[in-house]
Structures are given as C-alpha cells and as structure tokens.
Amino acid sequence: MTIKLSEKEQAGYDVLRAEMSDELAMEIVEYRRERKAKITARIARTLLKEYKAFGDIEKAFTIQTARNWISFECEWVRSKARTFHDTNNPMPAQSANYGRPEPIKPQEPASAKIDPERRRQIAELARQAVRTVQ
C-alpha cells in the first residue's frame with residue numbers, strides 16, 4: 001500500500017531512505033503522520049542523528065513507537081546511573097550505586113626506621129598529655 005506524500009514529507013522520506021530500508025523509512029513517515037507530527041528533511045536528519053547516536057536505527061525506532069514518543073533522543077533511553085552527578089553535593093559519591101568505588105590503600109605499618117631521638121620525644125609528649133588529663 002503506497003500513501004501519497006506531500007512535498008515536505010517526500011523530502012523527509014528521501015533523507016531517511018538514504019540511511020535505512022524503504023520499509024522502515026515509510027514506517028517512520030506513517031508513524032509521524034498518525035501522531036500528527038510533521039516530517040521534513042530537517043526533522044528527518046535530526047531523528048536520524050539521534051537514531052545513529054543510539055547505535056541501532058531499527059531498535060531506536062522500536063523503542064520510540066513502544067513508548068509512544070513523537071520524537072527520539074538517545075539520552076532518554078541511556079542509563080543515568082553512571083552519569084548521575086548531584087551538583088548540590090560537593091562530596092563525590094562513595095556508593096556502588098554511582099559507579100566503581102575507589103580502591104582504598106591499606107595504611108602502611110609504623111616503620112622502625114624512625115630516629116630513636118624522635119621516638120623518645122614523641123613518647124615524652126604522650127606522657128605529658130596523659131599527666132595533664134589526670
């Protein structure tokens with residue numbers, strides 16, 4: 001079944017047809033017509049750009065029709081879990097829900113290489129601190 005396309009619809013159809021099968025291009029034109037949305041060459045190029053950004057043109061169109069969307073943007077479909085950033089929170093997210101946790105380096109054990117004089121000074125300061133508390 002062939003439908004009669006207006007001049008602008010034909011221009012949009014031609015842009016789509018250059019990148020995909022005739023059946024899929026006609027299906028996109030018919031879908032937009034059903035939704036009472038225009039299809040021009042500019043709109044077709046924009047849709048095509050978003051379909052390509054998604055990676056699979058046919059799958060992107062299937063998602064668009066399944067969700068009853070007039071248009072399509074790949075950002076609407078991509079997972080936001082890894083790209084989420086709370087601008088109001090200055091601290092980086094530590095939870096595994098927001099990406100890989102940073103590996104924590106274990107604390108190095110105290111070294112015996114400390115100068116004995118310095119060790120004596122530290123011990124004396126500790127004793128003084130204990131005396132002042134008592």
Just to check your reading of the model, which residue among MET91, MET20, MET26 is among the aliphatic types (A, V, I, L, M), assigned to a loop (DSSP other than H, G, I, E, B) and either at pLDDT 85 or above or touching a Cys at 6+ places or on another chain (Cβ under 8 Å) (or both)?
MET20
Could you look through the range 55-88, keep only residues that are of a type in the set (Gly, Ala, Ser) and more than 19 Å from MET26 (Cα to Cα), and pick out the one that is modelled with the highest pLDDT?
GLY55
For the range 43-53, does any single residue satisfy the condition of being assigned to a loop (DSSP other than H, G, I, E, B) and either more than 17 Å from TRP69 (Cα to Cα) or under 28 Å from the mean Cα position of the chain (by Cα) (or both)?
no
Determine which single condition ARG131 fails, assuming it passes every other condition in (1) at pLDDT below 85; (2) assigned to a loop (DSSP other than H, G, I, E, B).
(2)
Could you please let me know if ARG45 is surrounded by fewer than 19 Cβ atoms within 10 Å (Cβ to Cβ) and either on the phi > 0 side of the Ramachandran plot or not acidic (Asp, Glu) (or both)?
yes
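The values are calculated or read from the model by the stated rules, or taken from the named source; none is laboratory data. Note that this is a predicted model, so its numbers are computed, not measured. Every residue, glycine among them, receives a Cβ derived from its backbone with ideal geometry; neighbour counts consider all protein chains shown.
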